[in-house]
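A.B. asks: Sharing a structure, written as structure tokens. Questions coming.
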Amino acid sequence: MKSIFNPPIGSISEINGKCISLIGDDIDTDRIIPARFLKCINFDALGKSVFDDDRKTLKGNHPFDLECNNGASILIVNSNFGCGSSREHAPQALMRWGIKAIIGESFADIFYSNCIAIGIPCFTLPSSTIKTMQKYTDNKDFFLKIDLYKSIALAKDLKFNLEIKESSKKMFLSGEWDATSTLLANKSLIEEKINELPYIKFNNDSP
């Protein structure tokens, strides 16, 4: 399946997309992106290798290979998703496949933090609600509109009250999750600090 990668920038207040369901507890980062792909120089090509071993085992029947899930951007998972080793390649691979948000029962702490750092909001819902959402994805295209301001997800006549850490919510709404953009937006403050540091001297006569 072709990877769809549009990196998020700045504040994130709304996410619209088709859902893809991945059933199973304790899906670890080694399954999300096997260790042999960690040798890459950058993350650009990781999308095509996400869940590589699982997809080969299922021979085209893995959710990330099914044509009906093409273009999906909201991942629905179960408990302790992203456990195992603390590899940042896991959320990077998911994002480069096309995932823009994840809704699950629970997440491993480091995986959660790595997702926040690259602009993937992770929301939690009770187990029974997650299973209901996964049944919807089995039967038909299931689209959600996620409103971060109100912490809700809407799908036609359905409404889900999402849970997200307040600190994470504020970072997405303000754009502070985006460290690079925040840094570039404060160029004058950076230059001011550089000029204050006694151990940094610029030679004005240098070419």
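The values are calculated or read from the model by the stated rules, or taken from the named source; none is laboratory data. Given the structure is predicted, the values throughout are model-derived calculations rather than measurements. We place every Cβ from the backbone using ideal geometry, glycine too, and count neighbours over all the protein chains shown.
A.B. asks: Would you mind telling me which numbered condition in (1) among the acidic types (Asp, Glu); (2) touching a strand residue (DSSP E or B) at 6+ places or on another chain (Cβ under 9 Å); (3) exposed (fewer than 15 other Cβ atoms within 10 Å of the Cβ) ASP157 fails?
C.D. replies: Against the list (1) among the acidic types (Asp, Glu); (2) touching a strand residue (DSSP E or B) at 6+ places or on another chain (Cβ under 9 Å); (3) exposed (fewer than 15 other Cβ atoms within 10 Å of the Cβ), ASP157 comes up short only on (2).
A.B. asks: Let me ask something additional. When you go through (1) aromatic (Phe, Trp, Tyr); (2) touching a Lys or Arg at 6+ places or on another chain (Cβ under 8 Å); (3) closer than 27 Å to ALA179 by Cα; (4) at pLDDT 95 or above one by one for PHE81, which number turns out not to apply?
C.D. replies: (2)
A.B. asks: Here's a follow-up. Return only the number of the condition from (1) within 15 Å of the chain's Cα centre (by Cα); (2) among the hydrophobic types (A, V, I, L, M, F, W, C); (3) more than 25 Å from GLU166 (Cα to Cα); (4) at pLDDT below 90 that ILE9 does not satisfy.
C.D. replies: If we test ILE9 against (1) within 15 Å of the chain's Cα centre (by Cα); (2) among the hydrophobic types (A, V, I, L, M, F, W, C); (3) more than 25 Å from GLU166 (Cα to Cα); (4) at pLDDT below 90, just (3) comes out false.
A.B. asks: If we keep just the residues of region 115-136 that are in contact (Cβ under 8 Å) with a residue 24 or more places away in the chain, of a type in the set (S, T, N, Q) and in a helix (DSSP H, G or I), which is surrounded by the fewest Cβ atoms within 10 Å (Cβ to Cβ)?
C.D. replies: SER127
A.B. asks: Quick one: which helices (runs of 4 or more DSSP H) lie wholly within region 137-207 and hold at least 3 residues that are at pLDDT below 80 and more than 15 Å from ILE74 (Cβ to Cβ)?
C.D. replies: Values: elements: 166-174, 179-185, 187-196.
It comes to 179-185, 187-196.
A.B. asks: Another question, if that's okay. Could you say which residue among PHE43, PHE37 is of a type in the set (Phe, Trp, Tyr) and in a helix (DSSP H, G or I)?
C.D. replies: That would be PHE37, the only listed residue that is of a type in the set (Phe, Trp, Tyr) and in a helix (DSSP H, G or I).
A.B. asks: Considering PHE51, PHE81, PHE111, PHE107, which residue is touching a residue at least 12 places away in the same chain (Cβ under 8 Å), crowded, with 20+ Cβ neighbours inside 10 Å and on the phi > 0 side of the Ramachandran plot?
C.D. replies: That would be PHE51, the only listed residue that is touching a residue at least 12 places away in the same chain (Cβ under 8 Å), crowded, with 20+ Cβ neighbours inside 10 Å and on the phi > 0 side of the Ramachandran plot.
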